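Have a look at the structure below before the remarks.
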Amino acid sequence: MRSNWYFSVVCLLLFFSGIQAQTSITGRIFSAKDSSFVQGASIYFDGTSIGTSSGPNGHFALNLKDHITSDLIISSVGYKSIALQVDSQHKAVRFSVYLKESEESLPTVFLEDDPWSRKKKLAYFKQEFLGAGSAAKSCKILNEDQLELTYSPSSKKLRVYSNEPLIVQNDYLAYKLQYDLLEFEAVYSASEIAVEVYYAGTSFFQDQEKLRKKHLKAREMSYAGSSLHFMRSLKNEELLQNLFQLYSDDRELFIKDVFELKEFPNYTQVLPLVNNIRIRFRQNYWSFLKLESSFIIDDYGNFAPPRALTFGGDMSARRVSTMLPLDYPSN
């Protein structure tokens, strides 16, 4: 669940040369206020475990093997995060970025009383953000005190934001997740059941030190039937081999009935031929897919733009506690 968001870059210098399988990405991060080096800034490709941090002189280096459509995110506490599109077809990419200091966001002012306690709002947020079940119970938001939560009884909406990226310790999948929550909104019924949930943000995954067989098994189970699994299978035209079936009403469809695939050197363009389909995985798990426009799938299985299609059912019900990086399994 992601959305377009604006960023400001004071200075950006890009230098490209040649084409090969691996892209070397280097750069330096500065403060726009006084041109001092920014140490400890996070530099990562959104939704992946591909990232690093800047050193004492603001320098960082990354190597990228495959073409990826995810934005390169640069963030640091006290500064405005930025998102950059990096052309990974080139052998070398080098840039310098000046970060602007961030201004603390103020909560939306509602001219009505908020009847929900912070404890209640936090519990509902965790339920919709982390998910339910044993996976969610094994997750902990380490800096949940940074969350600002507001419930509007007239609209029955819970809104949540944070001035700092959330740090989620996921002991189920053995990841430490940095999630920059850009937007969260949940609409509730009169009986306080969430009927609509939307959240968006950027994410960076890091393996925990103790990675055991149970974690690898949990990752395999989380991957099976996920939207990432589906997109990779679609790109490689291996839906049936990977136990995905497509349906319109009760009629089973083939890939050629639903999608037109056009191969390009670093991605696949997908042109929908229908507007709505149902997806069955392993006989028991059902999802539905609403197709708005054409989209592309990169080498990692990431699709863009995110608003080109909408998932429902099992794939939509999965939350952060079972979310995997786009580069899973890590090489």
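The values are calculated or read from the model by the stated rules, or taken from the named source; none is laboratory data. Predicted model only: the values in this text are computed from it and were never measured. Methodologically, a virtual Cβ is constructed for each residue, glycine included, from the backbone with ideal geometry; neighbour enumeration extends over all protein chains shown. Surface accessibility is based on the protein's heavy atoms, side chains included, excluding ligands, DNA and RNA. Shrake-Rupley method; radii C 1.70, N 1.55, O 1.52, S 1.80 Å.
Assess whether Lys176 counts as being basic (Lys, Arg), free of Cβ contacts under 8 Å to residues at least 60 places away in the same chain and farther than 24 Å from Tyr79 by Cβ. No. Among the residues of segment 62-102, just one is without any contact (Cβ under 8 Å) to a residue 40 or more places away in the chain and over 25 Å from Pro265 (Cα atoms), namely Gly78.
For segment 298-331, name all the residues that are open to solvent by less than 50 Å² (accessible area, probe 1.4 Å), among the charged types (D, E, K, R) and more than 16 Å from Ala174 (Cα to Cα). Result: Asp298, Asp314. Report every pair of residues separated by at least 6 positions or lying on different chains whose Cβ atoms are under 8 Å apart, first residue within segment 303-331 and touching a residue at least 24 places away in the same chain (Cβ under 8 Å), second part of a helix (DSSP H, G or I) and surrounded by fewer than 18 Cβ atoms within 10 Å (Cβ to Cβ). Within 8 Å, the pairs are Ser321/Gly133; Leu324/Tyr223; Tyr328/Tyr223. Restricting the first residue to segment 222-251 and requiring it to be in contact (Cβ under 8 Å) with a residue 24 or more places away in the chain and at positive phi, which pairs with a second residue that is in a loop (DSSP other than H, G, I, E, B) and open to solvent by 40 Å² or more (accessible area, probe 1.4 Å) meet a Cβ separation below 7 Å and a spacing of at least six or different chains? Once the first residue is in contact (Cβ under 8 Å) with a residue 24 or more places away in the chain and at positive phi and sits in segment 222-251, its partners that are in a loop (DSSP other than H, G, I, E, B) and open to solvent by 40 Å² or more (accessible area, probe 1.4 Å) give Gly225/Arg282; Leu243/Arg282.
The strands (runs of 3 or more DSSP E) located wholly in segment 134-207 that include 2 or more residues which are touching a Gly at 6+ places or on another chain (Cβ under 9 Å) and surrounded by 14 or more Cβ atoms within 10 Å (Cβ to Cβ) occupy 175-188, 194-207. Selection of segment 31-47 for residues being part of a loop (DSSP other than H, G, I, E, B), open to solvent by 10 Å² or more (accessible area, probe 1.4 Å) and in contact (Cβ under 8 Å) with a residue 24 or more places away in the chain yields Ala32, Lys33, Ser35, Gly40, Asp46. Note on segment 268-306: among residues that are among the charged types (D, E, K, R) and in contact with a Lys or Arg (Cβ under 9 Å, 6 or more places away or on another chain), the one that is modelled with the lowest pLDDT is Asp299. Consider segment 224-272 and keep the residues that are among the small types (Gly, Ala, Ser) and not in a strand (DSSP E or B). The one that is most open to solvent (accessible area, probe 1.4 Å) is Ser227.
If you scan segment 48-58, which residues turn out to be part of a loop (DSSP other than H, G, I, E, B) and either at pLDDT below 95 or open to solvent by 10 Å² or more (accessible area, probe 1.4 Å) (or both)? Result: Ser49, Ile50, Gly55, Pro56, Asn57. The criterion of being open to solvent by less than 50 Å² (accessible area, probe 1.4 Å) and at pLDDT below 85 does not hold for Ser76. Restricting segment 279-291 to residues that are open to solvent by 80 Å² or more (accessible area, probe 1.4 Å) and not polar (S, T, N, Q), the residue that is farthest from Leu239 (Cα to Cα) is Lys290.
For the criterion of being under 16 Å from the mean Cα position of the chain (by Cα) and charged (D, E, K, R), Asp207 fails.
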